[in-house]
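The values are calculated or read from the model by the stated rules, or taken from the named source; none is laboratory data. Treat the numbers as computed from the prediction; the structure is a model and nothing was measured. Here the Cβ positions follow ideal geometry from the backbone for every residue, glycine too, while neighbour counts run over all protein chains shown.
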Amino acid sequence: VFIVLGWGFVNSDNYTPYIPENTGVWGEYGFSGIIRAAAIVFFAFIGFDAVSTAAQETKNPKRNMPIGILGSLAICVVLYVLFSYVMTGVVHYTAFKGHDGIAPVAIAVDHMGTALPDGSIQSAYPWLNKAIILAILAGYSSVILVMLLGQSRVFYSMSKDGLLPKFFSQVHAKFRTPYKTNLLFLLFVSVFALFVPARVAGELTSIGTLFAFIIVCASIWIMRRKMPEIPRAFKVPFVPLIPLLGVGTCLFMMIFLPFDTWIRLILWMLLGHDIYVYYGSKHSNLYNGNSPEKGNRV
């Protein structure tokens with residue numbers, strides 16, 4: 001709705017300069033600012049990968065998994081590009097500075113109207129701000145649901161492999177879902193969101209996901225070379241070109257993130273390393289030559 005209604009208020013002069021000059025500070029406008037912004041807002045695309053974590057609960061995953069992953073990614077790219085184009089076309093980017101407590105789209109909506117003699121603007125769609133707030137809340141709810149669903153399935157699989165305690169792989173007798181893990185994540189995410197600033201959470205989410213994607217891309221190449229006989233319903237084409245491009249792109253964006261975000265990533269990785277050393281390595285089915293347990297399946 002915002003894209004359609006705002007298209008008529010786009011002023012091409014607002015796109016000048018298209019790439020503002022760097023202020024002299026690394027990551028503030030200029031090319032470095034573009035890459036840093038891309039790395040920070042990368043978390044907005046997170047979710048397409050969560051589709052793969054529900055493969056065990058999917059009918060015909062060979063067909064539906066690629067459609068779900070690539071389809072959701074394509075839709076997000078188109079909507080984000082159009083939304084950003086309209087928002088920065090309706091109002092100059094400098095108008096957003098200093099309004100951290102206000103959603104940028106709300107500022108853009110206030111500029112969609114008729115200029116009054118006193119210099120103010122009478123909004124043509126005063127109801128749109130409230131509608132967008134409701135849409136944002138609904139969007140957040142769906143994103144949180146998908147992310148919690150995906151993360152609980154990741155912990156479920158790790159627990160079945162012996163890398164985490166069996167608590168994380170216990171499923172509900174009726175719904176066949178890892179309900180204890182879901183409840184634990186509900187508590188953790190609520191406390192995390194309450195005390196951690198949004199900027200820190202966004203940067204930490206982005207750098208963690210980019211690092212995880214580097215591992216995934218590298219693993220595809222390694223597994224294709226070392227275990228070519230494994231049945232694969234869907235095979236990534238053009239290996240190793242695509243994995244190498246994935247590793248390079250993710251690493252390139254990570255470099256432009258703030259230094260303190262790297263410190264948080266290292267501390268988080270050290271925590272995961274300690275969990276693996278003191279628990280995972282001793283209980284790993286792969287390390288001990290055991291087969292994964294059967295029965296308690298999602």
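Would a scan of the stretch 72-88 turn up a residue that is surrounded by fewer than 17 Cβ atoms within 10 Å (Cβ to Cβ), closer than 24 Å to Gln151 by Cβ and aromatic (Phe, Trp, Tyr)?
Taking every residue of the stretch 72-88 in turn, at least one turns out to be surrounded by fewer than 17 Cβ atoms within 10 Å (Cβ to Cβ), closer than 24 Å to Gln151 by Cβ and aromatic (Phe, Trp, Tyr).
Give, as residue ranges, the helices (runs of 4 or more DSSP H) completely inside the stretch 237-289 that count at least 1 residues that are under 21 Å from the mean Cα position of the chain (by Cα).
The helices (runs of 4 or more DSSP H) meeting that bar are 241-255, 259-275.
Based on this model, can you work out whether Thr88 counts as among the polar types (S, T, N, Q), in a loop (DSSP other than H, G, I, E, B) and at pLDDT 85 or above?
In short, no.
What's the number of the only condition in (1) within 24 Å of the chain's Cα centre (by Cα); (2) at pLDDT below 85; (3) more than 23 Å from Ile3 (Cβ to Cβ) that Tyr156 fails to meet?
Failed condition: (2).
Which of the residues spanning the stretch 1-17 are in a helix (DSSP H, G or I) and closer than 14 Å to Ala106 by Cα?
Phe2, Ile3, Leu5, Gly6
Which of the numbered conditions does Ala173 fail, given that it passes all the others? Conditions: (1) assigned to a loop (DSSP other than H, G, I, E, B); (2) farther than 30 Å from Lys282 by Cα; (3) of a type outside the set (Val, Ile, Thr).
Among (1) assigned to a loop (DSSP other than H, G, I, E, B); (2) farther than 30 Å from Lys282 by Cα; (3) of a type outside the set (Val, Ile, Thr), Ala173 violates only (2).
Go through (1) small (Gly, Ala, Ser); (2) more than 25 Å from Gly6 (Cβ to Cβ); (3) out of contact with any Lys or Arg (no Cβ under 6 Å at 6 or more places or on another chain); (4) surrounded by 12 or more Cβ atoms within 10 Å (Cβ to Cβ) and name the single condition Ser123 misses.
Condition (2) is where Ser123 drops out.
Please give the number of the condition Tyr140 fails out of (1) aromatic (Phe, Trp, Tyr); (2) in contact with a strand residue (DSSP E or B) (Cβ under 8 Å, 6 or more places away or on another chain); (3) within 30 Å of Ala54 (Cβ to Cβ).
The single condition Tyr140 does not satisfy is (2).
Assess whether Ala38 counts as being at pLDDT below 85 and either in contact with a helix residue (DSSP H, G or I) (Cβ under 7 Å, 6 or more places away or on another chain) or surrounded by 17 or more Cβ atoms within 10 Å (Cβ to Cβ) (or both).
Criteria not met by Ala38.
I'm checking my understanding of the structure. Among residues of the stretch 219-235 that are over 25 Å from the mean Cα position of the chain (by Cα) and in a loop (DSSP other than H, G, I, E, B), which one is nearest to Ile67 (Cα to Cα)?
Ala233
So if I check each of Trp26, Trp7, which one is of a type outside the set (A, V, I, L, M), over 30 Å from Arg176 (Cβ atoms), over 19 Å from the mean Cα position of the chain (by Cα) and modelled with pLDDT under 85?
Only one candidate passes the filter, namely Trp26.
Here is a list of conditions, (1) farther than 27 Å from Gly33 by Cα; (2) assigned to a helix (DSSP H, G or I); (3) of a type in the set (Phe, Trp, Tyr), and Tyr125 meets all of them except one; can you say which number that is?
Only one criterion is unmet by Tyr125, namely (2).
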